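The values are calculated or read from the model by the stated rules, or taken from the named source; none is laboratory data. Because the structure is predicted, anything quoted here is derived from the model rather than measured. We place every Cβ from the backbone using ideal geometry, glycine too, and count neighbours over all the protein chains shown. Just the protein is used for accessible areas: all its heavy atoms, side chains included, with ligands, DNA and RNA removed. Shrake-Rupley method; radii C 1.70, N 1.55, O 1.52, S 1.80 Å.
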Amino acid sequence: MKPAIIRTGFDMLYFSGTHRLLRPLFEGVGAILMLHHVRPQRHDQFQPNRSLEVSPAFLSETLSWLRRRDIDIVSLDEMHRRLTERDFRRRFVCMTFDDGYRDNRVHAYPILKRHGAPFAIYVPASFPERRGKLWWLALESAIAANDSIAVTMDGTERNFRCATTRQKYETYDLLYRRLRGLAREAPLHALVDELSVRYGVDMRRLADALCMDWSEIRALAGDPLVTIGAHTANHIMLGKATEDTARRELKSGRELVEAALGMEVRHLAYPYGGHDAAGPREFRIAAALGYKTAATTRPGVLFAAHARHLTALPRLSLNGEYQATRYLNVLMSGAATALYNGFRRVDAA
Ligand SMILES: [Zn+2]
């Protein structure tokens, strides 16, 4: 769905007061907030991945809003305790950051620290090891820097005009949607690898510039406010892999982080995390591997019933397109996700 449509939906829920009517029924016991980048807003016209970043000011505003509402900000371990012991005397939120971006340390950490807010970072082992491919950013770079691009699709070369901002968005959306829609991940990487070679995008340099290395993660992990979670070995769409690969990714993803940091890792987030990337098979494997909790990107707040689905937890995305506390109000009321989920509280299928 287009951000503008979602924003209108949020605004309707907010300004009509519907979110307030639905809140008692659908706010649940707490929520896991999901973030990616935290950095000062850029002013480039073409920012197709803008939904993945919020400004430091908005993070700060969010934490203040939670404190004002008297909502506890807790670690994943504490969330697990409250869910399993059914301790719902106070509403709670977990702050989670995916992928281990350096801006989390530079921009988010000082703010979280100032608020005394525990938080978790889910690290895919391949990102600090620089094998990881931030393909969605490579695609963005190639389109941003060129007036047209050519890629091989189904054996034929296709050209896309991307001279204007509008054309850049159209090209990005078309290719992104096509790549995400593929049944397997290998052809996605083949296409983006080809594009990167052709247009001089250095994926290793992207990872170097954007992702923390192990020593930076280790330094953060020393703070009791910080939980480091697993995010698979190679940041893959598990749902598109064979069961063996999915199990290996979930197992070694944790072992590599544990070996690099010398600490136990008990929490997981599924990369991409939507229905195509994580389903009942992954929820079962994660539980069997002993993860205490695992987070999807399925939108939702937490209900008491999630205690029976600890490896299929929903999250609320703190999305760069909606950086205003009125959207937080709507999200935390559970109204938007209740509508989205057809008023179903738990979606673990
Ligand atoms: Zn991720």
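Figures for the structure shown
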read-out: Residue in region 52-71 that is in contact with a Cys (Cβ under 9 Å, 6 or more places away or on another chain), within 16 Å of Phe119 (Cα to Cα), open to solvent by less than 20 Å² (accessible area, probe 1.4 Å) and at pLDDT 95 or above present; value: no
read-out: Residue ID - modelled with the highest pLDDT, chosen from residues in region 319-331 that are open to solvent by 10 Å² or more (accessible area, probe 1.4 Å) and aliphatic (A, V, I, L, M); value: Leu331
read-out: Criterion (of a type in the set (Ser, Thr, Tyr) and modelled with pLDDT under 95) met by exactly one of Thr152, Thr171, Thr165, Thr96; value: Thr152
read-out: All positions within region 280-290 that are in contact with a strand residue (DSSP E or B) (Cβ under 9 Å, 6 or more places away or on another chain) and open to solvent by 10 Å² or more (accessible area, probe 1.4 Å); value: Phe283, Ala287, Leu289
read-out: Inter-residue pairs, beta-carbon under 7 Å, first farther than 25 Å from Thr293 by Cα and in region 52-80, second part of a helix (DSSP H, G or I) and at pLDDT below 95, 6+ apart; value: Glu61/Thr325; Trp65/Thr325; Trp65/Leu328
read-out: Single unsatisfied condition, Asp70 versus (1) over 30 Å from Pro224 (Cα atoms); (2) away from the ligand (no atom under 16 Å from the Cβ); value: (1)
read-out: Region 145-158 residues that are in contact (Cβ under 8 Å) with a residue 40 or more places away in the chain, paired with ones that are open to solvent by less than 70 Å² (accessible area, probe 1.4 Å) and in a strand (DSSP E or B) (beta carbon under 9 Å, 6 or more apart); value: Ile149/Phe160; Ala150/Phe160; Val151/Phe160
read-out: Residues of region 300-313 that turn out to be closer than 13 Å to Ala348 by Cα and either assigned to a helix (DSSP H, G or I) or within 16 Å of the ligand (Cβ to nearest atom) (or both), as a count; value: 5
read-out: Top-ranked residue of region 249-274 - restricted to ones that are more than 16 Å from the ligand (Cβ to nearest atom) and open to solvent by 40 Å² or more (accessible area, probe 1.4 Å), ranked as nearest to Ser75 (Cα to Cα); value: Arg266
read-out: Some residue of region 260-275 being in contact with a helix residue (DSSP H, G or I) (Cβ under 8 Å, 6 or more places away or on another chain), at negative phi, at pLDDT below 95 and not in a helix (DSSP H, G or I); value: yes
read-out: Hits in region 1-51 (condition: at pLDDT below 80, more than 13 Å from Val330 (Cα to Cα) and open to solvent by less than 50 Å² (accessible area, probe 1.4 Å)); value: Pro3
read-out: Boolean, Gly279 is of a type outside the set (A, V, I, L, M) and more than 16 Å from the ligand (Cβ to nearest atom); value: yes
read-out: Residue list for region 155-186, restricted to those being among the β-branched types (Val, Ile, Thr) and under 28 Å from Asn234 (Cβ atoms); value: Thr171
read-out: Residue in region 12-26 that is assigned to a loop (DSSP other than H, G, I, E, B) and within 24 Å of Arg82 (Cα to Cα) present; value: no
read-out: Residues of region 77-102 classified as within 16 Å of the ligand (Cβ to nearest atom) and open to solvent by less than 40 Å² (accessible area, probe 1.4 Å), total; value: 7
read-out: Boolean, Ala209 is closer than 29 Å to Lys113 by Cα and surrounded by fewer than 18 Cβ atoms within 10 Å (Cβ to Cβ); value: yes
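Conditions tested, residue by residue: (1) more than 16 Å from the ligand (Cβ to nearest atom); (2) in contact with an Asp or Glu (Cβ under 6 Å, 6 or more places away or on another chain); (3) closer than 21 Å to Pro224 by Cα.
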position	(1), (2), (3)
Asn104	no, no, yes
Lys113	yes, no, yes
Phe119	no, no, yes
Lys133	no, no, no
Glu157	yes, no, no
Asp173	yes, no, no
Arg177	yes, no, no
